[in-house]
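The values are calculated or read from the model by the stated rules, or taken from the named source; none is laboratory data. Here the structure is a predicted model, which is why all the values come from computation and not from measurement. Here the Cβ positions follow ideal geometry from the backbone for every residue, glycine too, while neighbour counts run over all protein chains shown.
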Amino acid sequence: MSEYTFKTPTVREGPAGRHRLFHFYKLDVGVSIAKSGGTYSRVRYVVDEDVADYDEFYRGGYRHTVSEATKAALIAGGVGVTETNFTAI
């Protein structure tokens, strides 16, 4: 069975600071993906103590190794994960 590197989706946020020049600069922020009760969801602001409550948790901005079955489930989960979020190992 193949394995893949999964990079969570990102959103572009800005401004990146308070100075007026920061209004021209935006940051790509990773969005976490969580599975609870068989349903995937996007999680923006998670408390570390709550991570253990999820069946699966993929922290935003990181790369995770997943199986082919998990890849298919994430794509079908309807949370904005596409084929471009995966790289074959």
Worksheet item: Within the set of pairs 6 or more residues apart or between chains, which connect a residue that is under 24 Å from Phe86 (Cα atoms) and touching a residue at least 24 places away in the same chain (Cβ under 8 Å) inside region 47-64 to a residue that is aromatic (Phe, Trp, Tyr) and not in a helix (DSSP H, G or I) with Cβ atoms less than 8 Å apart?
Response: Tyr58/Phe6; Arg63/Phe6; His64/Phe6; His64/Tyr58
Worksheet item: What single numbered condition from (1) over 21 Å from Met1 (Cβ atoms); (2) at pLDDT 95 or above; (3) not aliphatic (A, V, I, L, M) fails to hold for Glu49?
Response: (2)
Discussion item. Regarding region 27-42, can at least one residue be identified that is of a type in the set (A, V, I, L, M) and touching a helix residue (DSSP H, G or I) at 6+ places or on another chain (Cβ under 9 Å)?
Written reply: yes
Worksheet item: Does Thr87 fit the bill of being in a strand (DSSP E or B) and within 23 Å of Met1 (Cβ to Cβ)?
Response: yes
